[in-house]
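Here's the structure, in structure tokens; my notes come after.
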Amino acid sequence: MVIMTTTSSATFLPVLERIAEEISHTPGRGRPADYIPVLAARDPRSFGMAVAEPDGTVYGVGDWREPFSAQSITKVFTLALDLAREGDELWEHVGREPSGNPFNSLVQLEYENGIPRNPFINAGALVVTDRLQTRTGDAAGVLLDFLRAESGNPALDFDTEVAASETAHGDRNAALAHFMASYGNIDNDIPVLLDQYFRQCSIAASCADLALATGFLARHGIRADGSRLLSRSQAKQVNAIMLTCGTYDAAGNFAYRVGLPGKSGVGGGIIAVVPGRCTLCVWSPGLDERGNSVAGVAALDRFTTLTGLSIF
Ligand code: DON
């Protein structure tokens, strides 16, 4: 058991070092996503983990400065950016319940009249990006600017190879978007929306970048420059949806094992929030059958066990 005292730089570094050492001996790291062919080439033995403190201090272990494909992690940021603009009207277009289905499932949409269960399954994220696109004219660009500002890394960018690869294999997302459009739940032309969504998912960022960019959720809605993005209540709401929906049909098990709001992406990254205390990002490209990083979930499980930090 590691006992924490007061805030100081790199408080959790010894814990991260211990976790990296343990993970390095763990066999069976899952398999990188292969439905986006360029992601399949990543080495499943890669592992990085970073912690960002609310004051902007960031530190990590392993490949924590190596950029990877953020993918569905970006859904947290587009949700926050849209909520900040339109507030509760968003909830007339997307729900807040766990789906219990895979991230790219179509099955509930017809029963539920084209209103996706939550903003983190693909259907819900498409609705959020569509609404942000309507409000800003460039949803992916607004997202990229936000991530650059929060991470302090102006080099963050779209990965055009990943976006093109996903466009070429994008039939499922196109089907979701067209189906919701048939219910009047999509405003923009579908090719415009899909281009925005695939560029959003393609952003390459490191554990350090994403841990820092998530900081506003640990600071109860306050951005890195001290301005407010979300009300305290909205920040709580986003954290709650991460806890209940952030790892899809594995969200119950993630809450059980980790006990923190978290959001995964098929690039192998997972962000997590300890409200008021710190944010984390872990990356390892090998996924389980539900699209969550095997080593990433294990590392977060060990973090909350070793530190005693969780929301419970
Ligand atoms: O929509 C897709 O298929 C991907 N670009 C994002 C999926 C993703 O990261 C799901 N998360 N585990």
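All of the numbers you see were taken from the coordinates with simple rules; none came from a lab. Since this is a predicted model, take the numbers as computed values, not measurements. Neighbour counts run over all protein chains shown; Cβ positions are idealised from the backbone, glycine included.
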Just one listed residue, out of PRO32, PRO44, PRO67, PRO54, is touching a Gly at 6+ places or on another chain (Cβ under 9 Å), surrounded by fewer than 24 Cβ atoms within 10 Å (Cβ to Cβ) and within 19 Å of ALA213 (Cβ to Cβ), and it is PRO54
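So which residues in the stretch 207-223 are in contact (Cβ under 8 Å) with a residue 60 or more places away in the chain and surrounded by fewer than 19 Cβ atoms within 10 Å (Cβ to Cβ)?
So the first thing to find is which residues in the stretch 207-223 are in contact (Cβ under 8 Å) with a residue 60 or more places away in the chain, and the list is 207-219, 223.
Answer for the stretch 207-223, where residues must be in contact (Cβ under 8 Å) with a residue 60 or more places away in the chain and surrounded by fewer than 19 Cβ atoms within 10 Å (Cβ to Cβ): just ARG223.
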Among the helices (runs of 4 or more DSSP H) confined wholly to the stretch 61-169, which include 3 or more residues that are within 16 Å of the ligand (Cβ to nearest atom)? 74-86, 122-136, 139-151, 160-168
Considering every residue within the stretch 254-267, establish whether at least one is closer than 14 Å to SER206 by Cα, hydrophobic (A, V, I, L, M, F, W, C) and away from the ligand (no atom under 12 Å from the Cβ). no
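From the list PRO154, PRO98, PRO102, pick out the single residue that is buried (at least 18 other Cβ atoms within 10 Å of the Cβ) and either in contact with a helix residue (DSSP H, G or I) (Cβ under 7 Å, 6 or more places away or on another chain) or without any contact (Cβ under 8 Å) to a residue 24 or more places away in the chain (or both). Write out each step before concluding.
Details: PRO154 fails: buried (at least 18 other Cβ atoms within 10 Å of the Cβ); PRO102 fails: buried (at least 18 other Cβ atoms within 10 Å of the Cβ).
Going through PRO154, PRO98, PRO102 in turn, just one is buried (at least 18 other Cβ atoms within 10 Å of the Cβ) and either in contact with a helix residue (DSSP H, G or I) (Cβ under 7 Å, 6 or more places away or on another chain) or without any contact (Cβ under 8 Å) to a residue 24 or more places away in the chain (or both): PRO98.
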For a quick check of your reading of the model, give me the residue pairs whose first member lies in the stretch 160-172 and is farther than 16 Å from VAL266 by Cβ, whose second is part of a helix (DSSP H, G or I) and more than 10 Å from the ligand (Cβ to nearest atom), with beta-carbon atoms closer than 8 Å and at least 6 apart or on different chains. none
Hey, can you tell me all the residues within the stretch 194-209 that are touching a helix residue (DSSP H, G or I) at 6+ places or on another chain (Cβ under 6 Å) and closer than 20 Å to VAL274 by Cβ? ASP209
Tell me which residues, restricted to the stretch 276-308, are aliphatic (A, V, I, L, M) and buried (at least 18 other Cβ atoms within 10 Å of the Cβ). LEU280, VAL282, LEU287, VAL294, ALA295, VAL297, ALA298, ALA299, LEU300
PHE254 passes all but one of the listed conditions (1) aromatic (Phe, Trp, Tyr); (2) surrounded by 24 or more Cβ atoms within 10 Å (Cβ to Cβ); (3) without any contact (Cβ under 8 Å) to a residue 12 or more places away in the chain; the exception is number (3)
Check whether at least one residue in the stretch 193-204 is more than 14 Å from the ligand (Cβ to nearest atom) and either crowded, with 24+ Cβ neighbours inside 10 Å or among the β-branched types (Val, Ile, Thr) (or both), and report yes or no. no
